[in-house]
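Everything below concerns the one structure shown next.
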Amino acid sequence: MYFRKRFVIAGILSLSLFTFAAGSESGALFGSRAVFATSLTNDLIESSEKEKNEAEENKDQLKSGLTNVQSLIESLEQEKSDLQGYITELDSDLAVINDKVDMLTAQIGEKEQQIILKNEELEEAERVEKKQYELMKKRVKFMYERGGKSSIEMLLDSESFTEFLNKAEFIGKITAYDRRMLDKYIEAEKAVAQKKAELEDENRQLYEAKDNLRNEQEAMEALIAHKQEEISNYETDIQNKEAAVREYEEEIAAQDQIIKDLEATILAEKKRLLEENKKAIVYDGGKFAWPAPDYTRISDDYGNRMHPTLGIQKFHAGIDLAAPTGSRILAAYDGEVIAAGYSSSMGNYIMIDHGDGLISIYMHASSLLVNEGQLVVRGEQIAKVGSTGRSTGPHLHFGVRLNGSYVSPWNYLG
């Protein structure tokens, strides 16, 4: 919680109400007529504080909007990932269909080749049948032209029974041969025609199966194209959201700069007022700012503990805030730097007098940014975190002394 900085400024006499005591040896203010301000402020500070608060509210709203957009991006990315996984499955199914189409195409090619062969066989059978039929006609014609006699007449013209039997056998053989060959070729023609019909039916079925697969293939390709279009839409949406994120980040950075500039104005004005009234400053009871805002954890608390380097039970007169090397150390409250130096145990350290016997101490810094006698205000950076002196790692040891004795910093921290 951010508490307002306040110092009670004593000893500022109003010229319209008071006069200086001539020849006063102590140079003190007129007794009970001293006026104490309730805050170290003026119109510039108050207007800057108001603008700073407004900028921080705007920043909070922008950060909320940024979080919402980032959540939308995460959701869109997940949906896009799920869709890509689905497309991968569809691609796998399509590959199976393509393989089946290729297999059916090969089978159709084989069937068509078989049909071509059967057509050739059928044509050959029809040619042989026709040839056999022509031969039979020639024989009949020859027999007719040679005598015009029928088979009965030829038999009756036999001069002996033996000749009769021979003629009958001969005529029977010729007739049987002709009939047998004709029947054979007719059967062959029928078999070839039947096989051709079967092949054509199988080919028709293959074409139907191929057409069905083609339809399924086209439907699958259309579905994949549709899903890819959805992915493209997701990517466009994500790009738009990312552009919105960049705009939010730019706006937040702009608000940060506004806040930073206003804080600098407030600090400078408070330091000016503090400089003007430093001899009259006393602590007004305000809460301390957190002295290491970039800390990651409290590595040691105030009170008794086992000392990390000495290995003995020892009272720890502050709190240790583990923080990255070089991160900020801030003045906990307005005051005057009464010490800024180095010791073997404290390392680089700073002590700030806040008035009324209240002093804050900052130890183990990597570098100091203020000097003894300098006035600082609450939240002003005074040093950088380090591990100088008796230290086991980068941290800030923050302590508070009241009237010469260490007290718990938690009594003052907000």
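Derivation of every value follows stated rules applied to the coordinates shown; laboratory data play no part. A quick note: this is a predicted structure, and the numbers were derived from the prediction, not measured. When we count neighbours, we look across all protein chains shown, and the Cβ atoms used for this are built from the backbone with ideal geometry, even at glycine.
Find the percent of Cα-Cα distances in segment 287-414 that exceed 24 Å, and round it to a whole number.
18 percent
Can you give the FRET efficiency for residue 98 and residue 232, using 1/(1 + (r/R0)^6), R0 = 22 Å, r = Cβ-Cβ distance, to the nearest 0.05?
0.40
Take the Cβ-Cβ distance between residue 208 and residue 86 as r, set R0 to 35 Å, and report the resulting FRET efficiency rounded to the nearest 0.05.
0.70
Between residue 216 and residue 179, what length comes free when the chain is fully extended (0.36 nm per residue of separation minus the Cα-Cα distance, one decimal in nm)?
Gain on extension, residue 216 to residue 179, equals 7.8 nm.
I need 92, 360, 299 ordered by Cβ neighbour count within 10 Å, fewest first.
92, 299, 360
Rounded to the nearest 20 debye, what is the charge dipole size of segment 287-414 about its Cα centre when +1 sits on each Lys and Arg Cβ and -1 on each Asp and Glu Cβ?
I would put it at about 340 debye.
Within 10 Å of each residue's Cβ, count the other Cβ atoms and sort 342, 302, 86 from fewest upward.
Going from sparsest to densest Cβ surroundings: 342, 86, 302.
Roughly what would the spin-label model give for residue 304 and residue 403, points 7 Å off Cα along C-beta, in nm?
If labels sit at residue 304 and residue 403, their model points lie 2.5 nm apart.
Can you pull out the GluC sites (Glu not before Pro) in segment 327-388 whose DSSP state is coil and whose Cβ has at most 14 other Cβ atoms within 10 Å?
The qualifying sites are 372.
Past 28 Å, Cα to Cα, is the threshold; run 100/227; 138/196; 52/287; 131/196 against it and keep the listed order.
Cα-Cα > 28 Å for 138/196; rest within.
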